[in-house]
Amino acid sequence: MTDKTVISEAAEAALDEELRAEPFDVLIIGAGPAGLSAAIAADRAGLNYEVLEKGALVNSIFNYPKDMIFFTTPELLEIGGIPFTSPFVKPTRIEALVYYRRVTDTFMLRVCFNEKVHSIERTQKGFKVASAIDERLRIRKSRFVVIATGYFDNPNLLGIRGEDLPHVSHYYTEPHGYFRKRVVVVGGNNSAAIAALDIFRSGARVTLVHRGASPGEAIKYWVRPDLENRLKEGSIAARFHSRVVEITPSSVHLDSDGKREEIAADAVFLMTGYHADAEFLRRAGIAVNQETCAPLHDAETLETNVPGLFLAGAVISGKNTNRVFIENGRFHGEQIVSAICRKMGRSQDIDGIK
């Protein structure tokens, strides 16, 4: 018998054991603020739960720009009634990471990290959830499932040649590495504006490319004057009414009102937004609007068309990612767990969960 056969038989035995185990009351997919709020609500209601996270705790916030400052005040990021204290009017990314770690430890939340969920299968008694950790398949049974995966892992692709080159990114982290380099930032909304300003102030030559006639309306009111002044004085170059048609290792090719232009570029940031993984939702049986990519769900309970399968946080937004933020998504956990308790014939008091 080869090692490969032994390993295969051991893995099969482990899967059989997992399938024989008692099902969880609820499995929560995603350990962002919405997923953590659902875990806190489940814990307070006495439910047997587990959180499956494919990356780190609050993985999207972890991957935000390193020096990012939130647009909101600390108390609007709070979950579980744990105070978020900060000396600043608007908290920083680092403070948020510390806060959510503290919340997770305070409630001793059961979170499994680096475990990616591949499928959710409806069964007669609930769900079978297949995931992988270190290339090892795991299968859990659960009466209910909450999907809280957000949208930050899925950038809106342009579908052009060169989009996958190593100097091209859909995520901006920090500016220092672009000192004295030529950088093209594509997009016209808040993330593009912040990236362009940050990179410019670190000594790069920045060009902002946007298909609209001017910077987008979604740019925050305290960011817009700064960007407009930099554009007016020429510190940041701009190409409006322009569309990227190709990226090469040294340049970006544009179509500007029918005219072709080539701009030299050492780095390119495609800040074109993000979307939820609609195909993952569809594979789970959830009806997803073809145009808006919004999953079908009940606004009060957040239950989808698949009985027992719920959505929490920004994943409910579809393409309209300005609809749900941490500030309102943090309440979804309480709504969902209240609905689950009603389905289970339980009347636990979970009032006060935030």
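The values are calculated or read from the model by the stated rules, or taken from the named source; none is laboratory data. Nothing here was measured: the structure is a model prediction, and the numbers come from that model. Backbone-built Cβ (ideal geometry, glycine too); neighbour counts: all protein chains shown.
Quick look at the values:
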quantity: Residue within region 25-45 that is in contact (Cβ under 8 Å) with a residue 12 or more places away in the chain, surrounded by fewer than 20 Cβ atoms within 10 Å (Cβ to Cβ) and in a loop (DSSP other than H, G, I, E, B) present; calculated: no
quantity: Criterion: under 24 Å from Ile29 (Cα atoms) and under 18 Å from the mean Cα position of the chain (by Cα) - qualifying residue of Asn48, Asn59; calculated: Asn59
quantity: Test for Ile120: is it over 30 Å from Trp222 (Cα atoms) and in contact (Cβ under 8 Å) with a residue 24 or more places away in the chain; calculated: yes
quantity: Among residues of region 303-339, those that are modelled with pLDDT under 90, polar (S, T, N, Q) and either within 16 Å of Phe280 (Cα to Cα) or not assigned by TED's automatic domain parsing to the domain that holds Gly35 (or both), counted; calculated: 1
quantity: Residue in region 133-146 that is in contact with a His (Cβ under 6 Å, 6 or more places away or on another chain), in the same structural domain as Ile336 (by TED's automatic domain parsing) and surrounded by fewer than 22 Cβ atoms within 10 Å (Cβ to Cβ) present; calculated: no
quantity: Residue list for region 234-246, filter: small (Gly, Ala, Ser), assigned to a loop (DSSP other than H, G, I, E, B) and either assigned by TED's automatic domain parsing to the domain that holds Thr321 or farther than 22 Å from Glu174 by Cβ (or both); calculated: Gly234
quantity: Members of region 103-143 that are over 22 Å from the mean Cα position of the chain (by Cα), within 23 Å of Ser338 (Cα to Cα) and not charged (D, E, K, R); calculated: Thr106, Phe107, Met108, Thr123, Gln124, Gly126, Phe127, Ser142
quantity: Extreme residue, farthest from Ile336 (Cα to Cα), among residues of region 274-302 that are at pLDDT below 95 and in contact with a strand residue (DSSP E or B) (Cβ under 6 Å, 6 or more places away or on another chain); calculated: Tyr274
quantity: Tally, over region 69-87, of residues that are among the hydrophobic types (A, V, I, L, M, F, W, C), in contact (Cβ under 8 Å) with a residue 40 or more places away in the chain, farther than 17 Å from Arg44 by Cβ and assigned to a loop (DSSP other than H, G, I, E, B); calculated: 1
quantity: Ala96, sole failed condition from (1) touching a strand residue (DSSP E or B) at 6+ places or on another chain (Cβ under 7 Å); (2) outside any strand (DSSP E or B); (3) at pLDDT 95 or above; calculated: (1)
quantity: Selected residue (criterion: nearest to Phe325 (Cα to Cα)) from residues of region 276-290 that are touching a residue at least 12 places away in the same chain (Cβ under 8 Å) and assigned to a loop (DSSP other than H, G, I, E, B); calculated: Ala276
quantity: Identity of the residue in region 99-129, of a type in the set (Phe, Trp, Tyr) and in a loop (DSSP other than H, G, I, E, B), that ends up surrounded by the most Cβ atoms within 10 Å (Cβ to Cβ); calculated: Phe107
quantity: Test: residue in region 260-268 that is surrounded by 15 or more Cβ atoms within 10 Å (Cβ to Cβ), in contact with an Asp or Glu (Cβ under 7 Å, 6 or more places away or on another chain) and not basic (Lys, Arg); calculated: no
quantity: Enumeration of residues in region 175-202 that are touching a helix residue (DSSP H, G or I) at 6+ places or on another chain (Cβ under 8 Å) and more than 21 Å from Pro225 (Cβ to Cβ); calculated: Tyr178, Val183, Val186
quantity: Residues of region 34-60 that turn out to be under 13 Å from Met108 (Cα atoms) and of a type in the set (D, E, K, R), as a count; calculated: 3
